[in-house]
Amino acid sequence: MEILTFTGGAFVQNTLLVVCADGRTALLIDPGAATPDALAVVRERGLKVAAILLTHAHLDHVEGVGVARRATQAPIYLHPLDRILYDNVASQAAAFGVPCHELPPPDAQLVPGVNLVFGGTEFEVVFAPGHAPGHVMFVSVSEPVAIVGDVIFMGSIGRTDLPGGDYQVLMNSIRSQVLPMPPETRLLPGHGPETTVGHERETNPFLIPVYGGEPA
């Protein structure tokens, strides 16, 4: 499995392209402003995008969904608790004073505990709300890799001041779903550089009071 990151837009959001184990199948995760760059690699490498996966439905993580869908015809996967955000993306855009295009409806629901398998690559869908009501993470079952969206960042955590956000819920998600992963687990966030569970346990100022060097 290979994961490529494309960063762009006013929100400096990370669009991820997963090249699956078979080397031919791809997954597009959180297609944002940099979606055209990811699609260029899809074309150059002759990849087949099997799915568009959304960790959550905030504007910056879905603004490229329409472009991605038109280019790939791949099904869109979203947790149902974030459908209200997805359906009201125009209101989100208006709040930030940015343009917005209508999004195609999701095709499938992400169900925590029901794994996704594409091209020989398997991800566990892990429910991690707090930043958004239906936020999920995609955790590889074969490699120490987790695609965490806006749950946690290098040295920070997801904001909780947007509609549907809840600080205590987010901290519980981090405590129960992120920190127990092996320390070498790579965390690929929706913004900023990748990090590891171990690094965030030891240095993240939001988590040191939670983890404190002892099991959470």
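The values are calculated or read from the model by the stated rules, or taken from the named source; none is laboratory data. None of these values were measured; they are calculated from a predicted model. Because the Cβ atoms are built from the backbone with ideal geometry, glycine has one as well, and the counts that use them run over all protein chains shown. Surface areas here come from the heavy atoms of the whole protein model, side chains and all, with no ligands, DNA or RNA. Shrake-Rupley method; radii C 1.70, N 1.55, O 1.52, S 1.80 Å.
At a glance:
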{"item": "Exposed GluC sites (Glu not before Pro) absent - longest run of the chain, DSSP non-H/G/I/E/B, at most 14 other C-beta within 10 Å", "result": "1-101"}
{"item": "Calculated P(r) of the range 1-132 - Cα pairs past 23 Å, %", "result": "28"}
{"item": "Separation of the R45 and F96 label points, Cα + 7 Å toward Cβ, nm", "result": "2.6"}
{"item": "Neighbour net charge for H135 - beta-carbon separation under 14 angstrom, K R +1, D E -1", "result": "-3"}
{"item": "Pair T5, I84: separation of 7 Å Cα→Cβ label points (nm)", "result": "3.2"}
{"item": "Cα-centred dipole magnitude for the chain, charges only on beta-carbon of K, R (+1) and D, E (-1), debye, nearest 20", "result": "340"}
{"item": "Candidates A95, A108, A68, ranked by Gaussian network fluctuation over the chain, Cα under 10 Å, top entry", "result": "A95"}
{"item": "Extension gain from T160 to E202, taking 0.36 nm per residue of separation minus the Cα-Cα distance", "result": "12.9 nm"}
{"item": "Proximal charge balance of H101 [Cβ under 13 Å; K/R count +1, D/E count -1]", "result": "0"}
{"item": "Unit Cα scatterers, Debye sum, the range 100-152: log10 I(q)/I(0) for q = 0.27 Å⁻¹", "result": "-1.10"}
{"item": "Per residue solvent-accessible surface (Å²) - the chain, probe of 1.4 Å", "result": "43"}
{"item": "Nearest-20 debye value, the range 1-82 charge dipole, Cβ charges on Lys, Arg, Asp, Glu", "result": "340"}
{"item": "Accessible surface of the range 48-118 [probe 1.4 Å, protein heavy atoms]: carbon and sulfur percent", "result": "57"}
{"item": "Taking all pairs of distinct alpha-carbon atoms in the range 69-185, Kirkwood radius in angstrom", "result": "15.6"}
{"item": "Sum of -39500 (n - 2.57) over DSSP H runs of 4+, divided by residues of the chain (222 nm, nearest 500)", "result": "-6000 deg cm²/dmol"}
{"item": "Counted charge near T196, where neighbours are those whose Cβ lies closer than 12 Å (Asp, Glu -1; Lys, Arg +1)", "result": "-2"}
{"item": "Of all DSSP beta bridges in the range 7-161, antiparallel share, percent nearest 5", "result": "65"}
